[in-house]
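The values are calculated or read from the model by the stated rules, or taken from the named source; none is laboratory data. These numbers come from a predicted model, not from an experiment. FYI the Cβ positions are ideal-geometry reconstructions off the backbone, even for glycines, and counts take in every protein chain you see. We work out accessible area using only protein heavy atoms, side chains counted, and drop any ligands, DNA or RNA first. Shrake-Rupley method; radii C 1.70, N 1.55, O 1.52, S 1.80 Å.
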Amino acid sequence: MKIGIKFCFFLLVSATSLAQVSSNLELTDIFNMEFVSDPQISPDGSKIIYVRNFTDIMTDKNLSNLWMINFDGSQNRPLTTGNHNDYYPRWSHDGKKIIFKSNRADEKMKLYMMWLDTKETAPLTNTPKAPGAVSWSHDDRYLAFTMFVPEAEESIIKMPAKPDGAKWNTPPTYIDKLNYRGDGQGYIKGGHDQLFTLSTDGGTPKQLTTSKFDHGAPIWSIDDKQLYFSANFNPDEAFEPANSEIYSLQLATAEVTALTTRYGPDSSPVLSPDGKHIAYSGYDDELQGYQVTELYVMDTDGSSSKLLSGDFDRDIANAQWAADGKGLYFQYDAEGDSKIGHITLDGKVTTLVDGLGGLSLGRPYNAAAFSVSNNAKFAYTLGGTQHPSDLAVGDKKGTKRLTFINDDLFSFRNLGKVEEIWWESSFDQRKIQGWIVTPPNFDPNKKYPFILEIHGGPFTSYGSVYSAEIQAYAAAGYVVLYSNPRGSTSYGAEFGNLIHHDYPNHDYDDLMSGVDAVIEKGYVDTENLFVTGGSGGGVLTAWIVGKTDRFKAAVVAKPVINWTSFVLYADGAAFFSKYWFGKKPWEDPENYFRRSPLSYVGNVTTPTMLLTGEEDYRTPIAESEQFYTALKLEGVETAMVRIPGAGHGIANRPSNLVAKIASVLAWFDKYKNAE
């Protein structure tokens, strides 16, 4: 009996020591969150290779390995290991090999081959620049890919020879291009993406093109004698950023032929199983801020082009032919939900599965991926409000979730509950969709501080997906509303273009009506309302504080404050004035200033923080600096947070996402409950 009592006591103590008390998310948990991306199903549908993304808290890096799992969920095992970036797996047509990219050797990105029977791996390239998009020839003997080829840039400035031993400054940089820098790229070096082929036995890549233009992802003809690709070969392509065509390239002669000719962005060619047709995406450019991306099919010589999706009114993405050649699978977003659809050659659409997503770890954007096998099985990233993306599969029998890669973390962390909500805009009674996130252990009889969080774009959409940032705000005790005001995608062309040449404006009314709808539920402390958003959401946040004083404090992240300055030094200078305004700033200065949050700065009384990456070339930090200085001159409480080394995608390093969230919460906590 005594032995039994001691044994039971030992079990009780052991179980207690192993159990972990459940608590709210902490900011460092972001370093423990993983997600699945780029699921690639084998040609026979029996296996899936996927990218498993993770972070290293010590080096502050986003890392990834390849895993493989059977379609039934068995034998989920790593193909690669180590603290580096393995990604972009692509099956050979015979299903015996894969290629993938990795920086496992000396941090240099290379293209690798893996033989799946032995797991032997060998690098195929050792080039100064890494290959871009890669495709297998149909006989699996060759690969075609894009790769950046540098070009020397001449300067007209000729410096005199310096004396021996003299230490002069670096010579001046001479720039004469319209597009001279890009977000995430810095100042753009001379050169273009050219097309190459390479034997799968290795060797030296063969360069096929030498033009002064970038070439898009190549695919092979059925006889492996041609490549098809998209490109913008317009002589004034810098000034016509959305006018690309589909081309063919004869491998024997390097002859390039245009297969499409219309004004608009034709891209993403996909070859039919019989090799007779090409599906591609695009639209007739009408110079609108938002246009629905359509799906077309043509013969491989460019004849008989046919629009398939004209009655669908949603953006078509990631089109993949069905094995029988009678239709295509594709991905689309509808009312904040990502789905896989199938479209026949006469335009009939069937939805196969919904609930895709989870690729945007920071904010709840719709982002997903899928692939299809030759026998109509598919693998996809499964989204959901309670977890980042996992792997799921489906066929005619149904769908199945295969991975639960964050269950270890979420087994002892409480998450906020996410509830979908619709309301009518006070401007025109349009239905607007949003999501309310309540704090863990929420009590509807209590009052909670409130955050309105606004998406960027503005032509993007939020959805029913996990967001580490939103969950962090809920964990800190805030009720959060995120939504899709007018101009958001996933609701069709008419809704998206409600802000055409009129942004920001009545999207403000949509958002304020959403705040009112949540307040009506009775659990929001109306004395503690806060607002934040990034990029396009930063524009709207700055606009809001110039229109109302109902918010206790605001954080304006990576905004546009002055449209005149923005369109003249953001990357893609030719795009914004052409599509978002229709005129250049000096042709319509009143309209540019009317739509600039700077025009309302004299009305602002709300304490406002500015937050931007110091290397942001999409909404450059000078925009934040303008608003910061203007607020200071107006005597408004303000602060500026500069994220060192960060571009527009602030969360590209894990600690930057943590820094952003910590900054927002620090500012809001400073003014919460303050008189």
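Numbers for the structure displayed
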| quantity | calculated |
| --- | --- |
| Flag for GLN288 being in contact (Cβ under 8 Å) with a residue 24 or more places away in the chain, among the polar types (S, T, N, Q), closer than 30 Å to GLY434 by Cα and assigned to a loop (DSSP other than H, G, I, E, B) | yes |
| Where a residue in the range 139-156 is in contact (Cβ under 8 Å) with a residue 12 or more places away in the chain and among the hydrophobic types (A, V, I, L, M, F, W, C) and its partner, wherever it lies, is part of a loop (DSSP other than H, G, I, E, B) and open to solvent by 70 Å² or more (accessible area, probe 1.4 Å), with Cβ under 7 Å and at least six apart | MET147/LYS129; PHE148/LYS129; ILE156/TYR174 |
| Filter result (in a strand (DSSP E or B), surrounded by fewer than 20 Cβ atoms within 10 Å (Cβ to Cβ) and over 22 Å from the mean Cα position of the chain (by Cα)) within the range 48-67 | none |
| Qualifying positions in the range 170-193 - assigned to a strand (DSSP E or B), small (Gly, Ala, Ser) and either at pLDDT 95 or above or under 17 Å from ALA152 (Cβ atoms) (or both) | GLY191 |
| Test: residue in the range 221-228 that is over 18 Å from TRP136 (Cα atoms) and touching a residue at least 12 places away in the same chain (Cβ under 8 Å) | no |
| Selection within the range 409-427 - in contact (Cβ under 8 Å) with a residue 60 or more places away in the chain, of a type outside the set (Asp, Glu) and either assigned to a strand (DSSP E or B) or touching a Pro at 6+ places or on another chain (Cβ under 9 Å) (or both) | ARG413, ASN414, LEU415, GLY416, ILE421, TRP423, SER425 |
| Pairs, first touching a residue at least 12 places away in the same chain (Cβ under 8 Å) and in a strand (DSSP E or B) in the range 31-42, second of a type in the set (D, E, K, R) and open to solvent by 30 Å² or more (accessible area, probe 1.4 Å), C-beta under 9 Å, six or more apart | PHE35/ARG52; VAL36/ARG52; SER37/ARG52; GLN40/ARG90; ILE41/LYS47; ILE41/LYS377 |
| Only one of GLY203, GLY186, GLY95 that is open to solvent by less than 30 Å² (accessible area, probe 1.4 Å), more than 24 Å from TYR569 (Cβ to Cβ) and among the small types (Gly, Ala, Ser) | GLY95 |
| Lone qualifier among TYR462, TYR523 - being touching a residue at least 60 places away in the same chain (Cβ under 8 Å) and farther than 30 Å from GLU286 by Cβ | TYR523 |
| Tally of residues being open to solvent by 10 Å² or more (accessible area, probe 1.4 Å) and closer than 23 Å to PRO607 by Cβ across the range 503-539 | 8 |
| LEU295 vs. criteria within 22 Å of the chain's Cα centre (by Cα) and part of a strand (DSSP E or B) | yes |
| The lone exception for ASN441 - which of (1) open to solvent by 10 Å² or more (accessible area, probe 1.4 Å); (2) over 23 Å from LYS672 (Cα atoms) it fails | (2) |
| Flag for ILE451 being more than 30 Å from ASP311 (Cβ to Cβ), among the β-branched types (Val, Ile, Thr), in a helix (DSSP H, G or I) and modelled with pLDDT of 95 or more | no |
| Options ILE544, ILE621; residue that is open to solvent by 10 Å² or more (accessible area, probe 1.4 Å), more than 23 Å from LEU287 (Cβ to Cβ) and modelled with pLDDT of 95 or more | ILE621 |
| Subset tally (residues that are in a loop (DSSP other than H, G, I, E, B) and either of a type in the set (A, V, I, L, M, F, W, C) or out of contact with any Phe, Trp or Tyr (no Cβ under 8 Å at 6 or more places or on another chain) (or both)) for the range 359-400 | 13 |
| Matching residues, the range 484-510, being out of contact with any Phe, Trp or Tyr (no Cβ under 8 Å at 6 or more places or on another chain) and among the charged types (D, E, K, R) | GLU494, ASP502, ASP507 |
